[in-house]
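As structure tokens, the structure follows; a few thoughts come after it.
The values are calculated or read from the model by the stated rules, or taken from the named source; none is laboratory data. Here the structure is a predicted model, which means the values were calculated and not measured. Because the Cβ atoms are built from the backbone with ideal geometry, glycine has one as well, and the counts that use them run over all protein chains shown.
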Amino acid sequence: MNKIIPISLLFLLTACNNAESLDVNRLIPALSKVESNNNSLATGDNGRAFGKLQIWQLVIDDVNKITGSKYKHSDAFNPVKANEICKIYLSYYCTEKRLGHKPTMEDGARIWNGGPNGYKKDSTISYWNKVKAELK
């Protein structure tokens, strides 16, 4: 007996299988392009976001709390330190245990844009679309 899978279920299964697993080494360059056009000296959000990844003091505070490190907000202007900060932040907030599913590139981008629960916020969807275009 052949089982017929409803089209809506087939679409859902296909969509889930097409979600690309999180790879921060690929994601960070796309985030940097969207955030600042790769400008390590960029300042945005009325002077609150620094560097190529437009890092806020709140992110620095989180990373220092998570790791016991002593990053300063000005470290966000250093491309190597900015990458480290982003990797630490995403490795803490973008986990399978926390999200309830394997983290995807979309999860990572939306968390970077919208904070720890950014993957749930409608306001981060357009940001994800920009990042996704850079990943291609």
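Before moving on, here are some points about what is shown:
- Test for residue 102: is it at pLDDT 95 or above, of a type in the set (D, E, K, R), within 19 Å of residue 125 (Cα to Cα) and not in a helix (DSSP H, G or I): yes
- Given (1) touching a residue at least 24 places away in the same chain (Cβ under 8 Å); (2) of a type in the set (D, E, K, R); (3) within 22 Å of residue 65 (Cβ to Cβ); (4) surrounded by fewer than 19 Cβ atoms within 10 Å (Cβ to Cβ), number of the condition residue 107 does not satisfy: (4)
- Condition check for residue 53: assigned to a loop (DSSP other than H, G, I, E, B) and in contact with a Cys (Cβ under 8 Å, 6 or more places away or on another chain): yes
- Test: residue in segment 6-21 that is in contact with a Leu (Cβ under 6 Å, 6 or more places away or on another chain) and at pLDDT 95 or above: no
- Qualifying positions in segment 77-104 - under 14 Å from residue 55 (Cα atoms) and surrounded by 21 or more Cβ atoms within 10 Å (Cβ to Cβ): 82, 85, 86, 89, 90
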